[in-house]
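Following: one structure in structure tokens, then a few remarks.
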Amino acid sequence: MDKQAMTDALVSAKAAKGLTWETMASDIGVSPVWLASACLGMNSSPADTAKKITDYLELGEDVAKALEAFPTKIWDQAVPTDPLIYRLYEVVGVYGETLKEVIQEKFGDGIMSAIDFSMEVDKVEDPKGDRVLLTLNGKFLPYKTW
């Protein structure tokens with residue numbers, strides 16, 4: 001089973017059971033963001049966690065093995081048209097250079113890891129309209145000289 005077929009099976013089972021990533025993650029004992037990413041094929045899962053996920057969704061060993069497989073992290077390079085994803089591209093397009101400047105001013109010449117990394121998505125209630133709070137937490141990796 002490839003990652004796309006795995007994702008189709010996982011997302012279909014999740015929908016059929018009326019589950020949310022939050023509920024599943026809480027029951028399985030993982031982060032909802034990590035769980036969604038693994039189920040969408042962008043991260044691999046340890047074997048024990050893959051079994052928990054597939055047992056929870058009543059899916060077979062073929063799905064568990066696909067969850068364990070190392071992904072090839074490729075995404076569409078075109079600017080997305082989905083409004084939410086487009087807005088994230090817009091944030092990086094407008095503030096990317098600013099973030100780079102501020103991060104490098106605080107830490108030095110380097111990058112934020114997307115490997116030693118975690119992310120949270122929270123809802124902040126506000127009388128003027130609820131807010132989305134994204135927390136990106138990545139280890140700083142300085143560039144070396146040699």
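The values are calculated or read from the model by the stated rules, or taken from the named source; none is laboratory data. The model shown is predicted, which means the values in this text are computed figures rather than measured ones. Here the Cβ is made from the backbone with ideal geometry for all residues, glycine too, and neighbour counts use every protein chain on show.
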* Structure fact -> Selection from segment 68-90 of residues surrounded by 10 or more Cβ atoms within 10 Å (Cβ to Cβ) and touching a Ser or Thr at 6+ places or on another chain (Cβ under 9 Å) yields E68, A69, P71
* What number of residues within segment 39-52 satisfy the criterion of being among the acidic types (D, E) and in a loop (DSSP other than H, G, I, E, B)? -> 0
* Asked: Only one of these conditions is not met by T7: (1) touching a Cys at 6+ places or on another chain (Cβ under 7 Å); (2) modelled with pLDDT under 95. Which number is it?
  -> (2)
* To do: Please indicate, with yes or no, whether at least one residue in segment 3-14 is within 27 Å of G138 (Cβ to Cβ) and of a type in the set (K, R).
  => yes
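Suppose the filter is within 14 Å of the chain's Cα centre (by Cα) and surrounded by 11 or more Cβ atoms within 10 Å (Cβ to Cβ); does A114 pass it? Before the answer, list the steps.
Details: within 14 Å of the chain's Cα centre (by Cα): yes; surrounded by 11 or more Cβ atoms within 10 Å (Cβ to Cβ): yes.
It is true that A114 is within 14 Å of the chain's Cα centre (by Cα) and surrounded by 11 or more Cβ atoms within 10 Å (Cβ to Cβ).
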* Pick out the one residue from E97, E101, E61, E105 that is under 22 Å from D2 (Cβ atoms) and without any contact (Cβ under 8 Å) to a residue 12 or more places away in the chain. => E61
* Which of the residues that make up segment 1-38 are exposed (fewer than 14 other Cβ atoms within 10 Å of the Cβ), touching a residue at least 40 places away in the same chain (Cβ under 8 Å) and not in a helix (DSSP H, G or I)? -> D2, K17
* Going by the structure shown, is D27 of a type outside the set (F, W, Y), under 24 Å from L133 (Cα atoms) and modelled with pLDDT of 95 or more? -> yes
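Does L57 satisfy the criteria of being surrounded by 19 or more Cβ atoms within 10 Å (Cβ to Cβ) and farther than 24 Å from G138 by Cβ? Steps first, answer last, please.
Values: surrounded by 19 or more Cβ atoms within 10 Å (Cβ to Cβ): yes; farther than 24 Å from G138 by Cβ: yes.
Yes.
Results for (1) within 26 Å of D122 (Cβ to Cβ); (2) of a type in the set (A, V, I, L, M, F, W, C), shown as yes or no for each residue.
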| site | (1), (2) |
| --- | --- |
| D2 | no, no |
| A25 | yes, yes |
| P32 | yes, no |
| D55 | no, no |
| D62 | no, no |
| A69 | no, yes |
| W75 | yes, yes |
| V94 | yes, yes |
* Which numbered condition P80 fails, given (1) at pLDDT below 95; (2) in contact with an Asp or Glu (Cβ under 7 Å, 6 or more places away or on another chain) -> (2)
* Asked: Looking at segment 64-83, which of the residues that are without any contact (Cβ under 8 Å) to a residue 60 or more places away in the chain and in a helix (DSSP H, G or I) is farthest from M1 (Cα to Cα)?
  -> P83
